[in-house]
Amino acid sequence: MFHTVLIANRGEIAVRIIATLRELGVRSVAVYSDADADARHVREADVAVRVGPAAARESYLSIDAILGAAKETGAQAIHPGYGFLAENAGFARACADAGLVFIGPPPAAIEAMGDKISAKATVSAAGVPVVPGTSGSPDELLRAAEEVGLPLLLKPSAGGGGKGMVVVRDAGELPGAIESAQRVALGAFGDDRLLAERFIATPRHIEIQVLADGHGNAIHLGERECSLQRRHQKIIEEAPSPLLDEETRARMGEAAVNAAKAVDYAGAGTVEFIVSGGRPDEFFFMEMNTRLQVEHPVTELVTGIDLVEWQLRVAAGEVLTLEQADVTFEGHAVEARVYAEDPVHGFLPTGGEVLAVIQPSEDWVRIDSGLATGTTVGADYDPMLAKVIAWGSDREQALSRLSDALGETAVLGVGTNVAFLRALLADADVRAGALDTQLVERKLDELVRAEPVADEVFAAAALDELIGMQPGAGGRALGEGGGRNIAAVDPWDVPGGWRLGGAVGTAFRLTCGDRVVTVRVSGTPQDATVIVDAAEPVPARAHRRGEGQEHLDLTYRGQQRTYARRLDARTDTLWLAADGQTWAVAEHSLLDVESTSAGVGGPVVSPMPGTVLVVKTALDAEVSAGEPLLVVEAMKMEHTITAPVDGVVSELHVKVGQKVALDQVLAVVTPVEDARPAPG
């Protein structure tokens, strides 16, 4: 076994690998960019080395920087995790040339499986079933439509993650679709070759985990169902699949092992299959991921096998002592990916400083996370923050436990998709196991509902503010010290204030989501009457508890609820979380300056933290409503920002390459009428 291993990755996977290294008594080396200087994986590793600025290509993707860090720290081996350099054959060779062990398969295996066309030919020769289709010139792809039939799936040969994939259902659309797909493939992967394959109706995405050593031994560890996807990106995965019977599982496992042996594979890898929902006995090879998968924890929970440990042992030259008969499966495991994104607003990336990480502690829940209080979630890397994985004795129990665990999960300071994940887990088809890769897209409107923020949340924020205003409260109040004047709606509105005719109380002007409300509170936080937007008075009481006053207990309309709470002192925003939902409540008066409604012009703000990719306008330019002004990129997503009205760009505050924050003013568009000079 090695004495020192460098992890050429970041976030939750780096933390995960460090955990196994610690159990094995192996010294861990973390690498980090400037953006990750205070990240959790840096804190937990035995040694940490800076490898460059925030840009991944200059840090985590810099082979020279990674190898330099390994040499500096005396590392014997490098674990690439997943993403970044994990499936880079050139990096694997560079490690060998530098006298380092690459913890992964041989470079030749990475290359063989990295190209979809050659991979398909290789596994087909080994007897693995492949989807009927072809590759070649545009003319050959056109002929495939006649031979294979429609609908037809076009996808880049060198691609991954669903980028550039398109389904063609009409023969007349095929020439244009080929041209477009080639353009995307060339731009994204530097290779415009395409595959044309039969499109499988109601497809299910099922993958087999394999383990192999350098001595000719290979086994499989069962399957994972990964059909719950959005835009070809996995959201929830489980093991085993509710679709397969024992016979099909055995045939798929054998096919996966044959695929691995066909390229002399060594280490942990995943063979992905597409399965017809209508014919579960019919499965076809899609691709092989020559690395550890994000969803590997569900396999570990049902088999009891540490995949990272076996990656290390195989890379160290050990023989795989596990035989197929030794692999047994117990119970069911389901994983949900927690992303920094806003489902209600088109899954736009979010970001900010993590004020607190709240997570469950039950024995049957596993959390893989790179988050810690103080972590800054920016726009430089993938938006996945953590994974919540639950085990149960059967599928029903595992799903219920995962939903409960997500209900106890919150990241205060950063918007996440946790509420969306719980809605997906509650879907009747998901509960019944009637899955396919289009289910999420088909039901998106049902799963993502922009429900108005409840009055209770505003009452909780107002009472929390009132507690903070009391002498000796021990916690700074919302709006205090930041130049904001949250309680200045009425000069008589002070705690305990009075007028002829009775107590008036304190008034708050609050905003959260798409609601702006006035909340009036009379009495004390322990015995209050709350009126939200002139609705009927509601008796309520609240108090903070915890060493850092991190919890707010609220009784409202006779119902009791506990909120996790944190105040973002930089923005005077109170973050509340309960039952898998998170709210950011702010005072409203100054927010009027930072936003604009359609048709009135004014500031154009960034919908997400990111980097300005394109500036399509200029100062003093005349623009039309809906005309693209800028493109902001964050976490692999581009968002085009348009003019709110016909007008003139009277202010332009950004340039290409500039980093911007959520809601930062990028430009100001003055409506045409306001931009015209006054007559006379």
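Read the figures in this text as sums done on the coordinates, not as results from a lab. Note that the structure is a prediction, hence the values are computed from the model and not measured. Glycine gets a Cβ as well: all are built from the backbone with ideal geometry, and neighbour counts include every protein chain shown.
Think of the chain as a dipole: +1 on every Lys or Arg Cβ, -1 on every Asp or Glu Cβ, centred on the Cα centre; then among Ile7, Ile389, Ala70, Ala70 lies furthest on the positive end.
Pop the C-beta distance of Val614 and Gln438 into the FRET formula with R0 = 25 Å and round what comes out to the nearest 0.05. Result of the calculation: an efficiency of 0.20. For the stretch 198-271, the Cβ-based charge dipole about the Cα centre amounts to some 440 debye (Lys, Arg positive; Asp, Glu negative; other atoms uncharged). Counting only Cβ charges, +1 for Lys and Arg and -1 for Asp and Glu, the dipole size of the stretch 238-308 around its Cα centre is about 160 debye. Between Arg545 and Gln233, full extension at 0.36 nm per residue minus the direct alpha carbon distance yields a gain of 108.3 nm. Taking Cα centre as origin and charging only the Cβ of basic (Lys, Arg, +1) and acidic (Asp, Glu, -1) residues, the dipole magnitude of the chain rounds to 740 debye.
Selection among Val338, Leu142, Val648 by position relative to the dipole of the chain gives Val648 as farthest towards the positive end (Cβ unit charges, Cα centre).
The slack in the chain from Ala534 to Ser400, taken as 0.36 nm per residue of separation less the alpha-carbon distance, amounts to 44.3 nm.
Within the stretch 256-292, which GluC sites (Glu not before Pro) sit in a loop by DSSP and count at most 15 neighbouring Cβ atoms inside 10 Å? Let's see the in-between values first.
Numbers: sites: Glu272, Glu282, Glu287; in loops: Glu282.
Passing sites in the stretch 256-292 are Glu282.
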